[in-house]
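Contents: one structure, followed by commentary.
The values are calculated or read from the model by the stated rules, or taken from the named source; none is laboratory data. Computed from a prediction, not measured in an experiment: that's the story for all the values here. Counting neighbours? That spans all protein chains shown, and the Cβs are built from the backbone with ideal geometry, glycine included.
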Amino acid sequence: MTMTLAELAERLGATIVGEGDRAVSGCAGIQEAGRNQVTFLANRKYARFLTDTDAAAVLIRPDQPSDNDRLTRLECEDPYFAFRNAMIELHGFREHREPIGRHRGGISDAASIHPDATIGEGTRVHQNATVERGAVIGCRCQIYPGVFVGEHAEIGDDCILFPNVTIYDRCRLGDRVTIHASTVIGQDGFGYATHAGKHHKIPQSGIVVIENDVELGSGCAIERAAMGETRIGEGTKFADLISIGHGTTIGRHCLFVSLVGIAGSVTIGDYVVLGGQTGVSGHLTIGNGVQALGKTAIVSDIEPGQIIGGIPAVDADTAKRNALTAANLHELHKRVKKLERARKD
């Protein structure tokens, strides 16, 4: 898509300061952008790159100075969100194709669809996908090659299941759910009773429920509950390689970065952000709006609104000070030993 900066500014609700008739055709980072691309400045630490960027224009806050007179400014209060909208205008979302080979109404002849399954209007099922007995898939979904949808599973409208996603039996997905390649929904929870030195499996009779507008990255694993539900709340987004234990409830509009691990029977509130490699012990409660730095180990309940970090978790400022101290423990140890020797002398 190509348009002038004036046209783009109008669509984004931005105020243009500079050359409005210049044509642009894409978006890029501030260091990589070329003369027909738009960039953005959301983090002030990158402001030094404004001087040398080759971008045609920058999405920028009105109060952010720049000494690059040739750079057109598209002024807006939230440059990052405006950049997201510019990406939609200039690049658009991924287009989903028809299945390869012979297909009828978007359903590949090479897919395995049980006669008792229900497929909604406009849904595409690609080759080598499997939809089991009693499963229900809504309208306008994309079911990519290698996807498995188990017995009596339910998938809402406008969902996208990328290659090799597995939805176990009876699990439920809401509308507009996107699940990236090789993620598994509803495998057995890690439940065993240890007796006489052996670990005896506990049947996992529950399900997983994923609410509307959730997006899960690649290689995630969401365990079904032993009883009841494991639930992922509306609008929550996961990066890749995230593990959710059985019986856990995650609230609405949470953000989990890669390699987060949540044990079983945890209750997590709304708008919680967990940095990469954060771990949460079982049977805990994490309140609304909590933010955890990367590699945080959460081993006790966390009150709403806290910003935490460290192993085990403490408030973020203390965690940062502890990390700085620990970075030179050997030198501190030598100084303590030297003082001890001086005291003895």
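One line per residue, one yes/no per condition, for (1) at pLDDT below 95; (2) under 26 Å from S218 (Cβ atoms):
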{"residue": "I242", "(1), (2)": "no, yes"}
{"residue": "T248", "(1), (2)": "no, yes"}
{"residue": "G309", "(1), (2)": "no, no"}
{"residue": "A313", "(1), (2)": "no, no"}
{"residue": "A319", "(1), (2)": "no, no"}
{"residue": "A323", "(1), (2)": "yes, no"}
{"residue": "E331", "(1), (2)": "yes, no"}
{"residue": "V336", "(1), (2)": "yes, no"}
Q) Which condition number does I107 fail, the rest of (1) in contact with a strand residue (DSSP E or B) (Cβ under 9 Å, 6 or more places away or on another chain); (2) of a type outside the set (D, E, K, R); (3) not assigned by TED's automatic domain parsing to the domain that holds T178 being met? A) (3)
Q: Determine which member of the set T15, T51 is loosely packed, with under 15 Cβ neighbours inside 10 Å, touching a residue at least 60 places away in the same chain (Cβ under 8 Å) and not charged (D, E, K, R).
A: T15
Q: Check off (1) more than 25 Å from A153 (Cα to Cα); (2) assigned to a strand (DSSP E or B) for G282 and give me the number that stays unchecked.
A: (2)
Q | Residues satisfying the stated conditions in segment 123-180, i.e. more than 26 Å from G228 (Cα to Cα) and among the basic types (K, R) | A | R124, R140
Q.
I'm checking my understanding of the structure. Among residues of segment 226-261 that are acidic (D, E) and either outside the structural domain of E154 (by TED's automatic domain parsing) or outside any strand (DSSP E or B) (or both), which one is nearest to D175 (Cα to Cα)?
A. E234
Q: Show the residue pairs that are 6+ apart or on different chains and have beta-carbon atoms under 8 Å apart, the first residue being within segment 329-343 and without any contact (Cβ under 8 Å) to a residue 12 or more places away in the chain, the second being part of a helix (DSSP H, G or I).
A: L332/T325
Q. Among the candidates A55, A33, A47, which residue alone is of a type in the set (A, V, I, L, M), assigned to a helix (DSSP H, G or I) and not assigned by TED's automatic domain parsing to the domain that holds P163?
A. A47
Q | Residue that is farthest from G245 (Cα to Cα), among those in segment 260-270 that are of a type outside the set (G, A, S) and surrounded by fewer than 20 Cβ atoms within 10 Å (Cβ to Cβ) | A | D270
Q. All but one of (1) within 20 Å of the chain's Cα centre (by Cα); (2) among the hydroxyl-bearing types (S, T, Y); (3) over 27 Å from F190 (Cβ atoms) hold for T278; which doesn't?
A. (3)
Q) Considering segment 289-345 alone, what residues qualify as being small (G, A, S) and within 29 Å of the chain's Cα centre (by Cα)? A) G289, A292, G294, A297, S300, G305, G309, G310, A313, A316, A319, A323
Q.
I'm checking my understanding of the structure. Among residues of segment 180-225 that are of a type in the set (V, I, T) and not in a strand (DSSP E or B), which one is farthest from F162 (Cα to Cα)?
A. I202
Q.
Every residue in segment 23-33 that is closer than 14 Å to T72 by Cβ and either of a type in the set (S, T, N, Q) or surrounded by fewer than 16 Cβ atoms within 10 Å (Cβ to Cβ) (or both), please.
A. A23
**Q.** Residues of segment 73-118 classified as in contact with an Asp or Glu (Cβ under 9 Å, 6 or more places away or on another chain), on the phi > 0 side of the Ramachandran plot and either exposed (fewer than 14 other Cβ atoms within 10 Å of the Cβ) or among the hydrophobic types (A, V, I, L, M, F, W, C) (or both), total
**A.** 2
Q: Give the residues of segment 146-200 that are buried (at least 18 other Cβ atoms within 10 Å of the Cβ), more than 18 Å from V214 (Cβ to Cβ) and in contact (Cβ under 8 Å) with a residue 60 or more places away in the chain, sorted by residue number.
A: G189, G191
Q | Residue pairs meeting the criteria (Cβ under 8 Å; at least 6 apart or on separate chains; first under 19 Å from H253 (Cα atoms), in segment 288-308; second of a type in the set (S, T, Y) and not in a loop (DSSP other than H, G, I, E, B)) | A | I302/T285
Q) Filter segment 79-96 for residues that are touching a residue at least 24 places away in the same chain (Cβ under 8 Å) and part of a loop (DSSP other than H, G, I, E, B); which is nearest to E154 (Cα to Cα)? A) H96
